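Here's the structure we're looking at; comments come further down.
The values are calculated or read from the model by the stated rules, or taken from the named source; none is laboratory data. Quick caveat: nothing in here was measured; it's all calculated off a predicted structure. In this analysis, Cβ positions are derived from the backbone assuming ideal geometry, glycine residues included, and neighbour counts consider all displayed protein chains. SASA here: full protein model, heavy atoms, side chains in, ligands and nucleic acids out. Shrake-Rupley method; radii C 1.70, N 1.55, O 1.52, S 1.80 Å.
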Amino acid sequence: MTSQDAEILIIVDVQNDFCPGGALAVPEGDAVVPLINQLSMRFDHRVLTQDWHPAGHSSFASSHTGKAPFETAEMPYGTQVLWPDHCVQGNPGAAFHPDLVVDRSELVIRKGFRLSIDSYSAFFENDRTTPTGLAGYLKERGFDRVVLAGLATDFCVAYSALDARRLGFATTVITDACRAIDLNGSLAAAMAEMTAAGVAFVTADAA
Ligand SMILES: [Zn+2]
């Protein structure tokens with residue numbers, strides 16, 4: 001394997017509901033699309049993740065009597081932020097952004113499809129133990145370096161980056177190809193946690 005063959009770009013949740021006009025819009029979420037399209041040309045290998053919830057998912061505030069979006073609930077696996085209904089399986093909001101180039105990607109990892117547990121990370125559901133299968137796929141194919149871009153920096157990108165480090169992958173986040181929700185200081189906290197875990201940060205022109 002050449003060194004480039006050991007590296008893969010993970011494109012996180014670039015879906016309509018996370019872009020302006022969507023149900024859980026990340027500010028400027030759509031701004032990552034052209035950058036990611038350019039970036040993906042420079043990688044030999046790419047995977048996509050796709051948030052993919054059944055209707056009535058337990059991460060939706062609407063599934064919890066008396067709760068509003070962005071409040072929290074205690075789940076068996078820990079504290080869960082409650083979101084507006086988003087990325088419901090098969091709905092237009094769950095589709096990839098129409099301008100995102102998806103055809104070059106080798107795999108789509110769908111996550112959050114179990115009714116009673118959310119999944120921010122591309123690698124594990126929010127109990128941090130139930131695998132999505134991505135780690136096995138990457139290891140079996142010989143990848144040892146992952147590069148992350150997409151939405152949102154402080155949730156699905158950060159959780160994926162932290163798990164990638166925990167699994168032993170060299171991990172880079174392309175900062176300008178991500179956008180954050182930044183809920184109650186979540187972006188600063190995520191950046192600090194990723195830094196402490198040994199995640200590298202670069203801009204797209206240096207990737
Ligand atoms: Zn979700």
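Please report the equivalent ellipsoid semi-axes of the chain, computed as sqrt(5 x eigenvalue) of the Cα gyration tensor, largest first, in whole Å.
On the way: eigenvalues 133, 65, 54 Å².
Working from the Cα gyration tensor, I get semi-axes of 26, 18, 16 Å.
Springs between alpha-carbon atoms under 10 Å, Gaussian network over the chain: tell me which of 132, 171, 195 tops the mean-square fluctuations.
195
Say we join alpha carbon atoms closer than 10 Å with springs in a Gaussian network model of the chain; which of 144, 13, 99 then has the biggest fluctuation?
99
So, counting K/R as plus one and D/E as minus one, what does the shell of residues with Cβ under 15 Å around residue 76 add up to?
Result for the local shell: -2.
If you stretched the chain out fully between residue 167 and residue 64, how much longer would it get, using 0.36 nm times the residue separation minus the C-alpha to C-alpha distance?
Roughly 33.7 nm would be gained on extension.
So, R0 is 22 Å and r is the distance between the beta-carbons of residue 175 and residue 104; what FRET efficiency does that work out to, to 0.05?
Once rounded, the FRET efficiency stands at 0.50.
Please list, in order along segment 49-56, the HN-Hα scalar couplings obtained from phi with the Karplus expression 6.51 cos²θ - 1.76 cosθ + 1.60 (θ = phi - 60°), rounded to whole Hz, x for Gly and Pro.
After applying 6.51 cos²θ - 1.76 cosθ + 1.60, I find 10, 9, 5, 8, 9, x, 4, x Hz.
May I ask you to list the trypsin sites (Lys or Arg not before Pro) in segment 40-142 that are in a DSSP loop and have at most 16 other Cβ atoms within 10 Å of their Cβ? Show your work: numbers first, answer last.
Details: sites: 42, 46, 67, 104, 110, 111, 114, 128, 139, 141; in loops: 67, 104, 114, 128.
The qualifying sites are 67, 104, 114, 128.
With a ≥ b ≥ c taken as the square roots of the eigenvalues of the C-alpha gyration tensor of segment 90-207, please select rounded if a/c is under 1.5 and otherwise prolate if a/b is larger than b/c or oblate if it is not?
It comes out rounded by the Cα gyration axes.
Just need log10 I(q)/I(0) for segment 146-207 at q = 0.22, 0.25 Å⁻¹, Debye formula, equal scatterers on the alpha-carbon atoms, no solvent, rounded to two decimals.
With no solvent term, the Cα-only Debye profile gives -0.79, -1.01.
Kindly list the residues of segment 169-190 that lie in the label zone of residue 200, defined by a backbone N under 18 Å from the point 7 Å along the Cα-to-C-beta vector.
Residues 169-178 fall inside that zone.
Summing -39500 (n - 2.57) over the DSSP H runs of n ≥ 4 in the chain and dividing by its residue number, what mean residue ellipticity at 222 nm do you reach, to the nearest 500 deg cm²/dmol?
For the chain, the value works out to -5500 deg cm²/dmol.
Kindly rank 75-86, 21-32 from highest to lowest mean number of other beta carbons found within 10 Å of each residue.
21-32, 75-86
Would you mind telling me the share, in percent, of accessible area of segment 1-127 contributed by carbon and sulfur at probe 1.4 angstrom? Intermediate results must be reported in sequence, preceding the final value.
Numbers: 2870 of 5370 Å².
Roughly 54 percent of what the probe reaches on segment 1-127 is carbon or sulfur.
Per residue, how many Å² of accessible area does segment 34-178 show with a 1.4 Å probe? Intermediate results must be reported in sequence, preceding the final value.
On the way: 5880 Å² over 145 residues.
Averaged over the residues of segment 34-178, the accessible area is 41 Å².
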